[in-house]
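Just below is one structure, and these are the notes that go with it.
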Amino acid sequence: MNLRPHASWFPWLLFAVITLHSAARYTIFNPSFGNSDDSLLFVIIALVLWIERSSILASLRGEGTGDLLTGSAFLGAGWLLYITGRLYPVMILEIWGLFFMAAGLVATLSPRQYRKSSFFMVVAGTVIVVIGWIAPDLFSTQLALAIAAASAKIVSATFFPVIADGVILYFGPYSSEVTKACSGMNSIFSLTALSVLYLRQGVNRKLWHIAILVACVLPVAVLTNLFRVIVLVLATNYVGDDFAQGIFHNTTGIIVFIVALATLALIDYLLLHAYAGARQTKKTAHADNQV
C-alpha cells in the first residue's frame, strides 16, 4: 500500500499551523495591530502559494519523487530563518523562513518537474521581503506628506474641514497621523514585486506590456492608499477614534492592498486583450491586402 499520499499531508498541515500561529501573533495578538500593515505579508504568502497551487496539489497527491537535496536545503534555511526570527524576535526573518519552508516542501514532495516552483517561492520570498518591506522604510516619508495634503484637500472640499500639518491631519476634535504604512509605499514595493513575479505566469507578455504594468503600480498604490486615508478620516469623525484606529484600520489596509492587486490584474487582462485585438486586426488587414 502506498502511504505517500497520506504522509505528504502532515508536513503541509504542520506548515499551515506554523503560518497561522505567526499570523495570529503579529496581527490579532499584537498590541500595535491597528497601526501596522504586517498582515499584508501573510496575504502575500497566500498569494504566492496560490500562484504555485498546482505544485502544492501535486505534493499532496504524492505524485513522483521530489528533489531531496534541494528540498532539505530549503527546509534547513527556512527553519534557521524562522527560529532566528522567533528568538529575537524579527518578523521579517520569520516571514522569510516561511517562504523557504514552503519551497522546501514543494521541492521534497512534488515531482521533479515542479522544482522550478520551489525556486520561484524562494525568489518571491526574497524579493518581497527585501524590496517589498525593508526598502519602503527608506522612502515613505515624502509620500506620506503628499498623501496627507491630498486627503485634507479632498475631504475639506466634500465633507468637512481638515487641516494638514505635515503628516498630521486635524479635523473637529480629532487628529490623525498618516503613517508610513498609510503612505502606500509598502503597497508600492510589494505590488511591484508581485506584479513582476506574476508575469512569470504568462508567456504572451511583451516588454512594453511589462513596462506598462509596472509603471501602473505607483499611481494604483497611491490612489488606493489615498482612498484608505480618506475612509479612515471619515470613520474617525462619524464613528469614533477607537473604531477607526482599531481593527478597522488594519482591515482597510488588507482590503486596499487586495483592491490594488485586483486593479493591476485587470490592467494586465486589458493589455492582453488589447494586444490580442491589435494582432487580430493586423492579421485581417494583411489578409485583405493579400486578396
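With the requirement that a residue be of a type in the set (Gly, Ala, Ser) and surrounded by 21 or more Cβ atoms within 10 Å (Cβ to Cβ), what does region 224-272 give you? Across region 224-272, the qualifying residues are 244, 253, 260.
Which one of 96, 79 is surrounded by fewer than 24 Cβ atoms within 10 Å (Cβ to Cβ) and either small (Gly, Ala, Ser) or at pLDDT 90 or above (or both)?
Being surrounded by fewer than 24 Cβ atoms within 10 Å (Cβ to Cβ) and either small (Gly, Ala, Ser) or at pLDDT 90 or above (or both) holds for just one of 96, 79, which is 79.
Of the candidates 105, 93, 98, the single residue that is part of a helix (DSSP H, G or I) and over 17 Å from residue 44 (Cβ atoms) is 105. Taking region 19-47 as the range and being at pLDDT 85 or above and surrounded by 18 or more Cβ atoms within 10 Å (Cβ to Cβ) as the test, the residues that pass are 19, 22, 23, 45. Pairing each residue of region 105-128 that is not assigned by TED's automatic domain parsing to the domain that holds residue 78 with any residue that is surrounded by fewer than 24 Cβ atoms within 10 Å (Cβ to Cβ) and of a type outside the set (Asp, Glu), provided the two are 6+ apart or on different chains, yields no C-beta distance under 6 Å.
The values are calculated or read from the model by the stated rules, or taken from the named source; none is laboratory data. Model, not experiment: these values are computed from the prediction. Glycine also receives a Cβ, built like all others from the backbone with ideal geometry; neighbour counts cover every protein chain displayed.
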